Protein chains: 2
Amino acid sequence: MKKFEEKTVQTNLEFSGRIITLQVDEVLLPNGKTAKREIVKHPGAVAVIAVTDDKKIILVEQYRKALERSIIEIPAGKIEPNEAPELTALRELEEETGYTCANMKFIQSFATSPGFADEIIHLYMAEDIAKMEQASALDEDEFVELLHVSLEEMEQMVISQQIFDAKTAFAYIWLKDYLK
Amino acid sequence: MKKFEEKTVQTNLEFSGRIITLQVDEVLLPNGKTAKREIVKHPGAVAVIAVTDDKKIILVEQYRKALERSIIEIPAGKIEPNEAPELTALRELEEETGYTCANMKFIQSFATSPGFADEIIHLYMAEDIAKMEQASALDEDEFVELLHVSLEEMEQMVISQQIFDAKTAFAYIWLKDYLK
């Protein structure tokens, strides 16, 4: 859909980092005027809903420097170059939780911050999960704590804002319907 | 919660724009090593779920330069300096839709992209909405089209990915429960 399209007049790359880049686009508006758009480019990410046979949801707690606090999330991670999202999902599940699965079922994709970023998260459900004999290694700058919680415990984490990010908030209300 | 805290060793401001800034923090990890964190600072935003008396959900279609397409969203917008979020919510509802409301009920706050940004969205439900006689003015670089849709039409928009952002995806499954 191209309604109200904003054509790029000029692009200035302002920052190129290890994970994100930032550019400012000068755009032509539908009324003929121009405006500046600040845009963060991100490689995209996956997130995984994983539930054990006894209906415990697998979550990870980790420090999020951008928020200056730790939060509890569903397992997730960035897509590596040329990596298929469902393989990213399996890799992140294995690395962050020590579980693997027989099938990654696609649920939904969504843009996290369409006002300033192109990041898209692809959400999966890990089906037929099983504990691995030997856990995969985390990235060397990654520290996570694994949690297994009931739906009721997850609800309390939403209320107390220990769960505080959009994908996990979405996962909670999705699971409320799925597990009932 | 400060588990796995990453203390800032040094901060470098890389970009300061009209809406976002970008900084790279060098942090001290729990294992004593250091790492770089690329962080986007954003003033925060609100989003508003508004439903008419005949159970039509009020949505807006707008072009999102970061995604290079238009998407359909619940009304939303950035918090201005020193603005209380519930006032931002009322202002954005009035500006983007021409509706006002008697009460803004807080639903939930969530971080949109905790891996690289501090943006938090505060989600509200507009209660007792009414059409304004004279609509508020949009920002001069803002072009939106107003839509009134049923829950079933909203579901089709999720399936077709016309609805494609996290807050509106969340709003849809929240509304599925609320309107049933």
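Just checking, does segment B:62-72 include any residue being more than 16 Å from the chain's Cα centre (by Cα), in the same structural domain as B:F170 (by TED's automatic domain parsing), on the phi < 0 side of the Ramachandran plot and surrounded by fewer than 24 Cβ atoms within 10 Å (Cβ to Cβ)? Steps first, answer last, please.
Going through segment B:62-72, the residues more than 16 Å from the chain's Cα centre (by Cα) turn out to be B:68-69.
Narrowing the set further to residues that are in the same structural domain as B:F170 (by TED's automatic domain parsing) leaves B:68-69.
With on the phi < 0 side of the Ramachandran plot added as a condition, the list becomes B:69.
After this cut, where a residue has to be surrounded by fewer than 24 Cβ atoms within 10 Å (Cβ to Cβ) as well, the list is B:69.
Yes, because at least one residue in segment B:62-72 is more than 16 Å from the chain's Cα centre (by Cα), in the same structural domain as B:F170 (by TED's automatic domain parsing), on the phi < 0 side of the Ramachandran plot and surrounded by fewer than 24 Cβ atoms within 10 Å (Cβ to Cβ).
Would you check if B:A35 is small (G, A, S) and in the same structural domain as B:V158 (by TED's automatic domain parsing)?
On the way: small (G, A, S): yes; in the same structural domain as B:V158 (by TED's automatic domain parsing): no.
No; evaluated as a whole, the condition is false for this residue.
Can you tell me which residue is farthest from the other protein chains (Cβ to nearest Cβ) among those in segment B:88-110 that are among the aromatic types (F, W, Y) and surrounded by fewer than 24 Cβ atoms within 10 Å (Cβ to Cβ)?
B:Y99
Of the residues B:A84, B:A76, which is of a type in the set (A, V, I, L, M, F, W, C) and buried (at least 18 other Cβ atoms within 10 Å of the Cβ)?
Only one candidate passes the filter, namely B:A76.
What pairs come up if the first residue lies in segment A:120-148 and is over 23 Å from B:G115 (Cα atoms), the second is open to solvent by 60 Å² or more (accessible area, probe 1.4 Å), and their beta carbons are under 7 Å apart, counting only those six or more places apart or on different chains?
Going by the 7 Å Cβ cut-off, the qualifying pairs are A:E127/A:A102; A:E127/A:N103; A:E127/A:K105; A:D128/A:A102; A:D128/A:N103.
Open to solvent by less than 40 Å² (accessible area, probe 1.4 Å) and either at pLDDT 95 or above or not aliphatic (A, V, I, L, M) (or both): is that true of A:T8 in this structure?
Taking the combined requirement at face value, the residue does not satisfy it.
Any residue at all in segment B:61-71 that is among the hydroxyl-bearing types (S, T, Y), in a helix (DSSP H, G or I) and in contact (Cβ under 8 Å) with a residue 24 or more places away in the chain?
no
In this structure, does A:Q108 turn out to be part of a loop (DSSP other than H, G, I, E, B) and either among the polar types (S, T, N, Q) or not assigned by TED's automatic domain parsing to the domain that holds A:D25 (or both)?
no
Confirm whether B:S113 is open to solvent by less than 10 Å² (accessible area, probe 1.4 Å) and closer than 27 Å to A:K36 by Cα.
So B:S113 passes the test.
Kindly provide the set of residues from segment A:1-15 that are at the interface with chain B (Cβ under 7 Å from one of its Cβ atoms) and out of contact with any Ser or Thr (no Cβ under 9 Å at 6 or more places or on another chain), ordered by number.
Once the filter is applied, which keeps residues that are at the interface with chain B (Cβ under 7 Å from one of its Cβ atoms) and out of contact with any Ser or Thr (no Cβ under 9 Å at 6 or more places or on another chain), segment A:1-15 yields only A:E6.
Of all residues being surrounded by fewer than 16 Cβ atoms within 10 Å (Cβ to Cβ) and among the charged types (D, E, K, R) in segment A:42-60, which is nearest to the other protein chains (Cβ to nearest Cβ)? Just the residue, please.
Step by step, filter segment A:42-60, then rank; the result is A:K55.
Go through B:R37, B:R18 for me and flag whichever is facing chain A (nearest Cβ under 9 Å), open to solvent by 70 Å² or more (accessible area, probe 1.4 Å) and more than 20 Å from A:A166 (Cα to Cα).
Details: B:R37 fails: open to solvent by 70 Å² or more (accessible area, probe 1.4 Å).
The conditions single out B:R18.
State the number of residues belonging to segment A:30-59 that are touching an Asp or Glu at 6+ places or on another chain (Cβ under 6 Å) and not in a strand (DSSP E or B).
1
Evaluate segment A:122-134: report whether one residue or more is surrounded by 13 or more Cβ atoms within 10 Å (Cβ to Cβ), of a type in the set (F, W, Y) and more than 20 Å from A:R69 (Cβ to Cβ).
Within segment A:122-134, one or more residues are surrounded by 13 or more Cβ atoms within 10 Å (Cβ to Cβ), of a type in the set (F, W, Y) and more than 20 Å from A:R69 (Cβ to Cβ).
Mind checking which residues of segment B:152-180 are charged (D, E, K, R), at the interface with chain A (Cβ under 8 Å from one of its Cβ atoms) and without any contact (Cβ under 8 Å) to a residue 24 or more places away in the chain?
B:D177, the sole residue that qualifies.
Which residues, counting only those in segment B:152-164, are assigned to a loop (DSSP other than H, G, I, E, B) and within 19 Å of the chain's Cα centre (by Cα)?
B:Q161, B:Q162, B:I163, B:F164
Inside segment A:132-151, can you point out the residues that are under 30 Å from B:G32 (Cα atoms) and either outside any loop (DSSP other than H, G, I, E, B) or more than 10 Å from chain B (Cβ to nearest Cβ) (or both)?
A:M132, A:E133, A:Q134, A:A135, A:S136, A:A137, A:L138, A:V144, A:E145, A:L146, A:L147, A:H148
The values are calculated or read from the model by the stated rules, or taken from the named source; none is laboratory data. Since we're looking at a predicted model, the values are computed, not measured. Every residue, glycine among them, receives a Cβ derived from its backbone with ideal geometry; neighbour counts consider all protein chains shown. Keep in mind that these areas ignore ligands, DNA and RNA; they rest on the heavy atoms of the full protein, side chains included. Shrake-Rupley method; radii C 1.70, N 1.55, O 1.52, S 1.80 Å.
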